[in-house]
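For reference, the structure is listed below as structure tokens.
The values are calculated or read from the model by the stated rules, or taken from the named source; none is laboratory data. A quick note: this is a predicted structure, and the numbers were derived from the prediction, not measured. Cβ placement follows ideal geometry from the backbone for every residue including glycine, while neighbour counts extend to all protein chains displayed. Ligands, DNA and RNA are excluded from the accessible area calculation, which covers all protein heavy atoms including side chains. Shrake-Rupley method; radii C 1.70, N 1.55, O 1.52, S 1.80 Å.
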Amino acid sequence: MKHKGLLIDVTKCIGCRACAVACAEANNLPQEESLQLSATHYTVVQGINNDQTFVRRLCMHCNQPTCVSACLVGAFTKMDTGAVLYDENKCIGCRYCMQACPFEVPRYEWGSLAPRVQKCRMCYERVEAGGQTACADACPTGATAFGDRDELIKEARKRIDENPGQYIDHIYGLTEAGGTSVMYLSNVPFGDLGLPTNLPAEPIPDLSWRVLSQIPKYTVTAGVVLFGIHWITSRRAEVARFEAEERKRSPERNTTHTGERPRR
Amino acid sequence: MKLPRLATLSFWKCVAAVLILIGVVAAVERYSMGLGATTHLVDTFPWGIWIGIDILVGVGIAAGGFTIAATVYIFNLERFRPILRPTILTAFLGYVLVICGLMADLGRPWAIWHAMIMWNPHSVMFEVAWCVMLYTTVLALEFSPVVLERFKLHRALKAVKAATIPLVILGVVLSTLHQSSLGSLFLIIPSRMHPLWYSNIIPFLFIISCVAAGLSMTIFESFLSSRAFGREIELPLLTDLARVVAVVLALFFTVRIQDLINRDALKYAFDGSYQSWMFLLEITLGVIVPFFLLIIRKVRTSKAGLFYSSTLVLLGFVAHRVNTAVTSMERWPDRTYFPSWQELGITMGLAAAGFAAFALIARYFDVFGEKTHNEEQHAPLRAVAMK
Ligand code: SF4
Ligand code: SF4
Ligand code: SF4
């Protein structure tokens, strides 16, 4: 299946929260308003500039997700639909994924004795079955549009080109952190929306891999060097001991060693 | 002379007992009420002092283990052998404490074994987990001769001794990997860390600083043991270690400042923010002051001088790790963190348990290698210490 995505057009959002309501229903979460993502809020609608502008927050479903690379037991997986899913049966609860996600998306069930990491699932089952996400379904204005990621990029480009001056000339998520499945169009600076603007364009997992990939080389080299040093120094110590004994010329002591002069 | 020593000893025993007790209460709360109710961790601040101190510092102070083992076995500097065993024990206990701290911090501690069968080599945390498992095993084996001697298991003893060199080499490789990987954990968080601490050379900074901290821990621990067990202190050896600490501190300082200059981040050190003060505190008290103390001959060769400088190095080390893991993520006013009493309780309780375990093991096993050398002379002294 082609990677799907969501295009969120901030200029079209009226802040009705239909997406949040639909999401809670689709995922059996309590219907309560919140301004911050949480273990029971996979998406929230935030008002910016005295509610002049509204922006949805949710998992970005990165192309090369930091969470997938960060989790030591592989509890996160990038699925064929583009969705990034979490498997509680693998998770050990180290919360490195939460620390690592550049968009600060994964949330924790802090109150639970068997806590899980929770976040938007890009409605995996619905999309897999050929449908679209519950939030895109519910959006009355088309501020959240669902589709193939490639098509959404074309659509976004078209909107920017056909409405000069209405948008900032940038598709947020096209290259951020190596590209994401959820992308934003906006007329206010992306930083004002609370989206991080200091992300590298390269995939973030590369930052660790650059170091991790050196481990085999390092291990072999260090092993050889250490063994070599040991070999040289112990040879030296042996020679020194032997010479000291030679000087003393005490025959009983010499027999404790092989009695030969050590070879080089 | 004997009375005051016994009095102070029992004072410290009481402190340790109280701290351990608080730790136990905190642990019971942690496991019965969950992380949310007992810690000040939140979604935007998922790591606190259990990572910053228990894990990062616990592993760091264990660095003496690989340093001294390499000195004695790889570089064949035999005269450091008297401090080898206690240092290995400190390292081993450090790692045991790390695992205990991890059990408190993990949300699903019963699943910890997943790390063995579910592999993701792209995760730094995966490297960390494997280093913990393997190096704890290596340390246990490196220390095992002490236990095997005690129970006169000569065959096993011979087998372990035959494997010493490969074990030590494996230990050095694993330990350096582990120290650096704890720094590498933070490589993936460029956008959230304060520029005074985020750097792409953070794995190297972690290795350099852990050598200073590990050796300082050896000095620190030698002094405590000498007081607790009435042992003579190996002053010339410790003075030599102190020289190395001074060199390593200088190296750390140079690399750290150069890195800040290269990234044009030095300016943040003087901008008056909370982070800048923490940075200055860390680098002044933990690096600059002990460096200048240790290059003074009088300080380096006196018991008190060594003790206070090594304490400073250790505190500076704790500050560097806590600043990396906690301070650098804080943003006033909406993102701050101060540990709950349970978090502090478990951390302090574990530290106290570490010292208590060292004292107990040193009492029942030949940790200082005295029996093997000169049993008779030290026997009366040890008898006094045991009372
Ligand atoms: S936004 Fe965060 S949680 Fe979502 S896929 Fe990307 S890294 Fe993972
Ligand atoms: S908390 Fe769970 S999902 Fe997140 S990195 Fe740790 S083990 Fe993986
Ligand atoms: S994609 Fe599905 S899970 Fe994600 S915010 Fe929309 S409705 Fe919720």
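If R0 is 30 Å, the Cβ-Cβ spacing of A:Ala129 and A:Ser34 corresponds to a FRET efficiency of close to 0.55.
Looking at this model, which pairs from A:Lys119/A:Lys158; A:Lys4/A:Lys158; A:Lys2/A:Lys154; A:Lys12/A:Lys119 are more than 27 angstrom apart at the alpha-carbon?
Numbers: A:Lys119/A:Lys158 31 Å; A:Lys4/A:Lys158 18 Å; A:Lys2/A:Lys154 15 Å; A:Lys12/A:Lys119 24 Å.
Result: A:Lys119/A:Lys158 exceed 27 Å.
Only one residue of A:Ile215, A:Val45, A:Pro106 has its Cα farthest out toward the positive end of the dipole of chain A, where Lys and Arg carry +1 and Asp and Glu -1 on Cβ, and that residue is A:Ile215. Angle of helix B:370-386 to the longest C-alpha principal axis of chain B, folded into 0 to 90 degrees and rounded to 10: 80°.
Please state the relative contact order of chain A as a whole percent: Cα pairs under 8 Å, 6+ residues apart? Relative contact order for chain A comes out at 23 percent.
Based on Cβ point charges of +1 for Lys and Arg and -1 for Asp and Glu, what charge dipole magnitude is obtained for the protein assembly as shown about its Cα centre, in debye rounded to the nearest 20? Write down the numbers at each step before the final one.
Values: 62 positive and 53 negative charges, 619 e Å.
Result for the protein assembly as shown is approximately 2980 debye, rounded to the nearest 20.
Just the accessible area per residue of the stretch A:1-114, please: how many Å² with a 1.4 Å probe?
Values: 4240 Å² over 114 residues.
Averaged over the residues of the stretch A:1-114, the accessible area is 37 Å².
Each residue of the stretch B:137-151 was assigned a 3J(HN,Hα) from its phi angle through the Karplus curve 6.51 cos²θ - 1.76 cosθ + 1.60 (θ = phi - 60°); the sequence is 4, 4, 5, 4, 5, 5, 8, 4, x, 4, 6, 5, 4, 4, 9 Hz, with glycine and proline shown as x.
For a test of the definition: using alpha carbon positions, the gyration tensor, and the 1.5 limit on a/c, classify the stretch B:46-336 as rounded, prolate or oblate. Spell out each step's value before the answer.
On the way: a/c = 2.03, a/b = 1.22, b/c = 1.67.
Judged from the Cα gyration tensor, the stretch B:46-336 comes out oblate (a/c at least 1.5, b/c at or above a/b).
If R0 equals 25 Å, the separation of the Cβ atoms of A:Val224 and A:Ala244 corresponds to a calculated FRET efficiency of about 0.25.
The angle between the Cα long axis of helix A:149-162 and the main principal axis of chain A comes to about 60°, on a 0 to 90 degree scale. Here is the interface size for B with A: some 4700 Å² of accessible area buried, both sides summed, with a 1.4 Å probe.
Under conditions of 25 °C and 0.890 mPa s, the protein assembly as shown yields 89 µm² s⁻¹ as its translational diffusion coefficient, taking Rh as the Kirkwood radius over Cα pairs in the Stokes-Einstein equation. In this structure the stretch A:208-254 gives 73 Å² per residue of accessible area when probed at 1.4 Å with all protein chains present. When nucleic acids and ligands are ignored and a 1.4 Å probe is applied, B:Ser302 ends up with an accessible area of around 40 Å².
Counting only protein heavy atoms and a 1.4 Å probe, the stretch B:46-336 has 38 square angstrom of accessible area per residue. How far is helix B:341-364 tilted, in degrees, relative to the longest principal axis of the Cα atoms in chain B, given as a value from 0 to 90 rounded to the nearest 10? Roughly 20 degrees, rounded to the nearest 10.
Peptides B:318-330, B:159-171 ordered by packing proxy, namely the average of other Cβ atoms within 10 Å per residue, highest first: B:318-330, B:159-171.
What's the FRET efficiency of A:Arg236 with B:Glu232 using the Cβ-Cβ distance as r and R₀ = 51 Å, to the nearest 0.05?
Working: r = 30 Å, r/R0 = 0.58.
Efficiency, from the Cβ-Cβ distance: 0.95.
Computed over chain A, the range of Cα coordinates on each principal axis works out to 101, 46, 39 Å, biggest value leading. Taking 4.7 Å between beta carbons as the limit, the unpaired Cys residues of chain A are A:Cys13, A:Cys16, A:Cys23, A:Cys62, A:Cys71, A:Cys91, A:Cys94, A:Cys101, A:Cys123, A:Cys139. Remark on the stretch A:100-146: accessible area falls by at least 20 square angstrom from chain-alone to full-complex state for A:Ala100, A:Glu104, A:Arg107, A:Trp110, A:Leu113, A:Ala114, A:Pro115, probe 1.4 angstrom. With all protein chains in place and a 1.4 Å probe, the accessible surface of the protein assembly as shown carries 64 percent carbon and sulfur.
How high is the relative contact order of chain B, given as a whole-number percent (alpha carbon pairs under 8 Å, six or more residues apart)? Mind showing how you got there, number by number?
Details: 482 pairs, mean separation 110.9, N = 387.
The value is 29 percent.
Residues of the stretch A:166-215 that bury at least 30 Å² of accessible area once all protein chains are present, compared with their chain alone (1.4 Å probe, heavy atoms only, ligands and nucleic acids left out), are A:Asn198, A:Leu207, A:Ser208, A:Trp209, A:Val211, A:Leu212, A:Ile215. For the options A:Ser69, A:Ser181, A:Ser34, a Gaussian network treatment of chain A with springs between C-alpha atoms closer than 10 Å singles out A:Ser34 as fluctuating the most.
Can you tell me how the stretch A:208-254 classifies by the Cα gyration tensor, rounded, prolate or oblate, using a/c under 1.5 as the rounded cut?
Numbers: a/c = 8.57, a/b = 6.73, b/c = 1.27.
In terms of gyration-tensor shape, prolate.
Annotation for the stretch B:137-168 versus the stretch A:51-75: alpha-carbon center distance of 48 Å.
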